[in-house]
Amino acid sequence: MPERKTVLITGSSRGIGKTIARKFAERNFNVIINCRKSSDKLKEFEAQLKEYNDNILSFVCDVSKYEDVRKMINEINLYFGGIDILVNNAGISYIGLFNEMKYNMWDDIIDVNLKGVYNCTHLVLPYMINKKKGSVVNISSVWGDRGASCEVIYSSTKGAVNSFTKALAKELGPCDIKVNAIACGVIDTEMNAFLSEEEKKTLIDEIPFTRFGRAEEVAELVYFLASDNSSYLSGQVIAVDGAWI
């Protein structure tokens, strides 16, 4: 019987992260879900996932805080023995002109989007390195490559995540640990709820596939990148944007 693998998905109380978590729970993985504030939502989702299998844990943890992440990872390691797959999905954005932003807004975006990736990856790697096997999937954005007006700090963090992905993949290749990123275009989640119907239509008109992406499509790619079917695929930033950018 194949070994049951363990996956941690950060920022998984909603949107893309929630769909990714459900994908792995359906396929009988040990699944750890996480968010930094919405404990009620997280517990409710944990109960839903346990309909697929009982090996589900949830943690309210701010991934931008190294010691908080250390405590979470230590608890996971005690329960499941280690983490085989890390999905760095937690992320936040702020829409607005750069010159009107306050520095504390920069700090918050950088802390979650970039330091969160550093913290979680740094703390799960010892197990993967010792095992000489593992997969890290970073959820990025097409703006990490092209940049977006009114999302300057967000774009900067995602560009850094892309570089981190490529560099770390080279470092960890000898340990058979894959590191990849998915650069999302416009995905149909509640994060886009602020858009008016007219703004959504304008966006859709720009996308060759004439629709927003689905969270399920991102989740399927995450699952593939985490699986042995992508055993020689590492250091890649794969755009999922319907040929938009």
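Being more than 26 Å from Ser231 (Cα to Cα), of a type in the set (Ser, Thr, Tyr) and open to solvent by less than 60 Å² (accessible area, probe 1.4 Å) is a property that Ser93 has. Cβ-Cβ distances below 6 Å connect the following pairs, each with a first residue in segment 171-183 that is under 28 Å from Gly147 (Cα atoms), a second residue that is part of a loop (DSSP other than H, G, I, E, B), and a separation of six or more residues or different chains: Lys178/Ser234; Val179/Ser234; Asn180/Gln236; Ala183/Val142.
Screening His122 on (1) surrounded by fewer than 18 Cβ atoms within 10 Å (Cβ to Cβ); (2) within 20 Å of the chain's Cα centre (by Cα); (3) of a type outside the set (Phe, Trp, Tyr); (4) outside any helix (DSSP H, G or I) shows it passes everything except condition (4). Working only within segment 97-155, note down all residues that are among the hydroxyl-bearing types (Ser, Thr, Tyr) and in contact with a Ser or Thr (Cβ under 7 Å, 6 or more places away or on another chain). Result: Tyr154, single match. The test for being open to solvent by 10 Å² or more (accessible area, probe 1.4 Å) and modelled with pLDDT of 95 or more holds for Glu67.
Conditions tested, residue by residue: (1) surrounded by fewer than 17 Cβ atoms within 10 Å (Cβ to Cβ); (2) closer than 18 Å to Ile238 by Cα; (3) not hydrophobic (A, V, I, L, M, F, W, C).
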{"site": "Met72", "(1), (2), (3)": "no, no, no"}
{"site": "Asn77", "(1), (2), (3)": "yes, no, yes"}
{"site": "Met105", "(1), (2), (3)": "yes, no, no"}
{"site": "Leu114", "(1), (2), (3)": "no, no, no"}
{"site": "Asp145", "(1), (2), (3)": "yes, yes, yes"}
{"site": "Ser156", "(1), (2), (3)": "no, yes, yes"}
{"site": "Gly159", "(1), (2), (3)": "no, yes, yes"}
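Taking segment 23-45 as the range and being in contact with a strand residue (DSSP E or B) (Cβ under 9 Å, 6 or more places away or on another chain) and surrounded by fewer than 19 Cβ atoms within 10 Å (Cβ to Cβ) as the test, the residues that pass are Lys37, Ser38, Ser39, Lys41, Lys43.
Residues in segment 63-72 that are over 14 Å from Leu8 (Cα atoms) and part of a loop (DSSP other than H, G, I, E, B): Ser64, Lys65. Considering (1) under 21 Å from Arg14 (Cα atoms); (2) under 15 Å from the mean Cα position of the chain (by Cα), the lone condition that Asn162 does not fulfil carries the number (1). For segment 19-42, state whether one or more residues are more than 25 Å from Leu225 (Cα to Cα), in a loop (DSSP other than H, G, I, E, B) and not polar (S, T, N, Q). Yes, because at least one residue in segment 19-42 is more than 25 Å from Leu225 (Cα to Cα), in a loop (DSSP other than H, G, I, E, B) and not polar (S, T, N, Q). Determine if segment 73-94 includes at least one residue that is more than 24 Å from Ile129 (Cα to Cα), small (Gly, Ala, Ser) and outside any strand (DSSP E or B). Yes, segment 73-94 contains at least one residue that is more than 24 Å from Ile129 (Cα to Cα), small (Gly, Ala, Ser) and outside any strand (DSSP E or B). On the given criteria, is Thr10 within 17 Å of Ile92 (Cα to Cα), surrounded by 14 or more Cβ atoms within 10 Å (Cβ to Cβ), at pLDDT 95 or above and in contact with a helix residue (DSSP H, G or I) (Cβ under 8 Å, 6 or more places away or on another chain)? Spelling it out, Thr10 is indeed within 17 Å of Ile92 (Cα to Cα), surrounded by 14 or more Cβ atoms within 10 Å (Cβ to Cβ), at pLDDT 95 or above and in contact with a helix residue (DSSP H, G or I) (Cβ under 8 Å, 6 or more places away or on another chain).
Of Met128, Met101, all but one fail to be more than 30 Å from Leu203 (Cα to Cα) and out of contact with any Leu (no Cβ under 7 Å at 6 or more places or on another chain); the exception is Met128. The condition of being under 19 Å from Gly134 (Cβ atoms) and touching a residue at least 12 places away in the same chain (Cβ under 8 Å) holds for only one of Val7, Val60, that being Val7.
The values are calculated or read from the model by the stated rules, or taken from the named source; none is laboratory data. Values in this document were obtained by computation on a predicted structure and should not be read as measured data. Note that we place each Cβ from the backbone using ideal geometry, even for glycine, and neighbour counts take in every protein chain shown. What goes into the accessible areas is simple: the full protein's heavy atoms, side chains included, and nothing from ligands, DNA or RNA. Shrake-Rupley method; radii C 1.70, N 1.55, O 1.52, S 1.80 Å.
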